[in-house]
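What follows is calculated from the coordinates using simple rules that are stated; it is not laboratory data. Please read these numbers as outputs of a predicted model, since none were measured by experiment. Note that each Cβ is placed from the backbone with ideal geometry, even for glycine, and that neighbours are counted across all protein chains shown.
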Amino acid sequence: MISVPDKVLRFGMKPLVFLICLGPLATLVWKAMHDLGANPVDVITRSTGKWTLTFLLITLAVTPVRKLTGMPWLIRFRRMLGLFAFFYGSLHLMTYVWLDKFFDVHAMLHDIAKRKFITAGMTAWACMLPLALTSTTGWIRRMGGNRCQKLHRLIYLSAAAGVVHFIWLVKADLRRPLTYGAVLVVLLGYRFATWLAGHAKAKASSRQPAPA
Amino acid sequence: MLIKKPNDVPSSEITSKSTYMNRRRFMTGALVTGAAVATGLYIRKNDDGQVSTPGSVEASGEKLSGIVKSQYSTTEKPTSLKDITNYNNYYEFSTDKYEPAGLAKNFRTRPWTVSLDGLVKKPRRIDIDSLLKIAPLEERIYRHRCVEGWSMVIPWVGIPLSALIKQADPLPSAKFVAFETVMAPDQMPNQKRDVLQWPYVEGLRMDEAMHPLAILAVGLYDEVLPNVDGAPLRLVVPWKYGFKGIKAIVKVKFVDKMPPTTWNIMASNEYGFYSNVNPNVDHPRWSQKKERRIGDSLFAPKHDTLMFNGYGDQVASLYNGMDLRKDF
């Protein structure tokens, strides 16, 4: 097991990861000040969307990676990574609400009802919202670990809806969305496999007579 | 017995103020950076409007001469050459709209011949350089509406499509014109993969093809057409969505039945044969009511999309008696 002193983690690695996570936004700001190309809204939309999905997958990778590599302290980054997924997701949504629809509620409702890729995207964001809201230490304490854990399984739905959103919006050439999909399948597959293994183990041990 | 006094708590377990403030800082930071993006964009857009003039960027093409103005041109301000040549769909090169500009740079447009055949009296092959001389080159400043919801104003240079059609002298049985893009997988990387069914094919009904608004573009901003925009020869049908404007044409065939068209093969529920610009018929994935004019400020409202892209007075009669919701 690889251990890291708490101080290094808290005052060294965490701020560093925080800054790295702001990288995509910083890049976008830098580009915005220079040249965002012919269709800036398109660039902002695609960049924030890509990073939302990327951070969702990174967040989902924390548990398998920490277990497989023997670095349990990785869990300390999970909340921050998840919040960054929500952060980029919210920027993505704001881009749509503001720069694409200009707060036209009617047009947005029409979109949500009629365009399945928008429906999927909205679902993905809506699933992240309660997770972000209950991410504070206070809320985690109030809800209790077990309920919290159950609620936070919504991230599986959010990531799946995000991938579907991406697949449905592409006109041709599904390579990129399917790459995200493949990573998600691996990450969820890992969980399913450990659940199955745990299940089998529990069954096996319940069948065995209790030691006298 | 061990009773912990408050000062027994090791300093490492006290949540530091900085950590405690972390989430709050995160949210503040988010708002600040968000505002920065907005400001940056605002500044850029305002700079842009003053600094760049259309045609000032990378005008490397050869000048075309003898261009006459046309009554069909719009008076709207043309989109900058930079935007026109750096943002478009050219799936043979890339599915990304920013990449074709670079990837198409070395595309070979000479030698180039266009074949005219099918139901015609005079099947023939025309060299591109003689094709440029079959009619006077005209400047046609047209609105261009992409099915994806963005639009431009493009100062094409070209010849009426009807002039080329007359060269072939079609038979009365010719009801449609089918176009085909060159097959050049060594130069067009995506033709090696099945992104779409290659080669790209498009078609028009004969009366659409003969309409004076339909042109074959060979130039842009008074210069030879840049490769990225479909050099050496592309179709421009301004009242239809942009994907009808097939690029790098090598074949024009006259047929009696509605020919297959690439995007219709790909998704027939999304892209019809006609694909006339129509704000009342939504694409399943995009509302077609509005469009973003490329070059507009980020915060500028979108433009209303007009029926037939604003060319209704000239072309609406072509579709008399047709249900354009069905024949979209």
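Below is a table of values for the structure above.
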read-out: Computed [θ] at 222 nm, helices only, for the protein assembly as shown once each DSSP H run of length n ≥ 4 contributes -39500 (n - 2.57); value: -13000 deg cm²/dmol
read-out: Total charge dipole magnitude, region A:6-190, about the Cα centre, Cβ charges on Lys, Arg, Asp, Glu only, Debye to nearest 20; value: 800
read-out: Crossing angle, helix A:78-94 versus chain A [Cα axis fit, 0-90 degrees, rounded to tens]; value: 20
read-out: Residue exposure sequence - A:TYR96, A:TYR88 - by fewest surrounding Cβ within 10 Å; value: A:TYR96, A:TYR88
read-out: Inter-chain Cβ neighbour average for residues B:289-296, partner chain, 10 Å; value: 3
read-out: Distance between modelled label sites at B:ASN280 and B:ASN320, nm, 7 Å Cα→Cβ extension; value: 1.8
read-out: Where labels lie 7 Å past Cα in the beta-carbon direction, separation of A:LEU196 and B:ALA267 in nm; value: 3.4
read-out: Only Lys, Arg (+1) and Asp, Glu (-1) charged, at Cβ; the protein assembly as shown dipole about Cα centre in debye; value: 3020
read-out: Region A:100-137 and region B:264-328: distance between their alpha carbon centers, rounded to Å; value: 26
read-out: Sequence ranges A:180-192, A:140-152, B:305-317, ranked by mean other-Cβ count within 10 angstrom, highest first; value: B:305-317, A:180-192, A:140-152
read-out: Tilt relative to chain A, helix A:175-207 - C-alpha long axis, 0 to 90 degrees, to 10; value: 20
read-out: Nearest-0.05 FRET efficiency for A:ILE20 and A:TYR156, computed from C-beta distance (R0 30 Å); value: 0.75
read-out: Farthest positive-ward along the protein assembly as shown dipole, Cα basis, beta-carbon charges - from B:PRO160, B:LEU298, A:PHE86; value: A:PHE86
read-out: Principal-axis tilt of helix A:154-169 within chain A, Cα atoms, nearest 10 degrees; value: 40
